[in-house]
1. In what sequence do Thr356, Thr278 fall when counting other Cβ within 10 Å, fewest first?
2. As a footprinting exposure proxy, order Ile55, Ile164, Ile86, Ile184 by other Cβ within 10 Å, with the fewest listed first.
3. Could you give the length gained by full extension between Phe412 and Leu160, i.e. 0.36 nm per residue of separation minus their alpha carbon distance, to one decimal place?
4. Would you mind computing, in nm to one decimal, how far apart the modelled labels at Leu288 and Leu267 are, each placed 7 Å from Cα along Cα→Cβ?
5. Mind jotting down the distance between the C-alpha centroids of region 343-378 and region 261-302, whole Å?
6. Please report Leu130, Leu36, Leu374 as a ranked list, fewest other C-beta atoms within 10 angstrom at the top and most at the bottom.
7. If R0 is 25 Å, what FRET efficiency do you get for Ser377 and Val281 from their C-beta distance, rounded to 0.05?
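The numbers here are math on the coordinates, done by the rules we state, and not lab data. Only a predicted model underlies this, so the values are computations on that prediction, with no experimental measurement involved. Backbone-built Cβ (ideal geometry, glycine too); neighbour counts: all protein chains shown.
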Amino acid sequence: MKELVVVRGTMRPGLLLYYSARFSGQVAQNLLFASLFVVAGTSDKSAVGLSSLLIATTGASLLFGVMGGALADRIGPGRGMALGAILRTLVIGLCFFEFNAAAVGAGVIFAYSAVSQVYSPSEMAMVRVLCGKGRATPHSLGVALQYAGQGVGMLALAPLLFVIGGTQAMLAGAVVAGVALSAITVALSLNHGRPAREPSGDHSSLRDSLRVFKRSPMARDALAVLAVQTMIIQGIVVALPLYLRNDISLGEEWGIFLVAPGVAGVLAGLAWSAAAVTAEVSQKVMRLALVSMVIGVFALASLDYGLEAVLTLSQVGPLVDLEASLNTTFMVAFPVAFLVGLAVTLALVSARVALTAAAPIAHQSRVFAVQATLTDSFVVLPLLLMGIGVEVAGARPVLAAMGLIGAATFVFIQLPRFMPIPLPLHAHAHRLALVPVPIERD
């Protein structure tokens, strides 16, 4: 399939449909999740119910992720989005008529996550089909619309519909958004529904998709950075309540003061990546984002102790008085929240740009599916340990552990670049060749 390039200053119909799908899909999904979490969180065994929902989501991704990506490549990303959207809507509709207990929620989430393994990689693969592989603008705008859809679904529509009619009204809203998503993706598939083919033929083996990570340093870096980014985001979510209560000595309602600079960092990251990130610089941006994430979690873990020591040991009266009246932990956490929001956004967008550029057009869905499956495999064990670690040791050791994992990942992806690459023997052949030299005899 011939790649389409976006003309600056115009919005192609395909892109308009694609961005509409990104937004409406998130609205439907978050209305569904909100209703499931309400029922699971208000049951007699709320902790078990909530954890079962998370396990069901991860389990479906690990079981069906690669198969979903292969199917999406075979039928084409446009048709993959349409098929996944229709199946998602059917699951939501079934939940609307049958959902009446927290135990059913895990099955609904599992089914929804299973059919999403066709939709999600198709959604990523459509960027290459619609925009080529050059810039980060479509990925940045897609992430912005994703966050906007999550906010509208979870923070605006879900509370409003719950007040109107409880969880059934929330599910009804999810069905309506799902029907809209299905119509949008069907229209998109009519113009961009055929599967892409490489000029050399259709290599359908999963082994060919895995070779992308073996042969492309850019793809390997993206895989590692996305794993660390996912771990840090979910780890901070797990550690934040105890961090606020035990380390900052503030209630959980004060978390909004850390969310605000974090959101500002996300917006700055989206603007930066849309304007400056390309396939050529994506590796540099990924490494910069990885270092920034490591600095951020280490700062949350210990920087306020260092600041407090400097102020106390300075023996300067105003500084000592300032330390006595200042919540140094909160003052450190405020700018660090901005840094972490900026870094995780740059990591997400630059890694997606790198995967879009590294994967052949006929393997886009499978490469993104393999990345998602491997990321979930890498992150699931640390997340289980983090939940226990936060309860046993507190938030700071968990944040420091995440920083150590991120630092080790940076060394892992950076070390091969420091190693000298020996030239093959045939490269030295011309230096060792004997050249006849005429000798003049007396």
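1. Ascending Cβ contact count within 10 Å gives the list Thr278, Thr356.
2. Values: Ile55 15, Ile164 12, Ile86 19, Ile184 23.
If I rank by nearby Cβ atoms, fewest first, I get Ile164, Ile55, Ile86, Ile184.
3. Working: separation 252, 0.36 × 252 = 90.72 nm, distance 4.75 nm.
Extra length available between Phe412 and Leu160 comes to 86.0 nm.
4. It is 2.1 nm.
5. That distance is 17 Å.
6. Values: Leu130 23, Leu36 27, Leu374 19.
Taking fewest neighbouring Cβ atoms as first place, the list is Leu374, Leu130, Leu36.
7. 0.30
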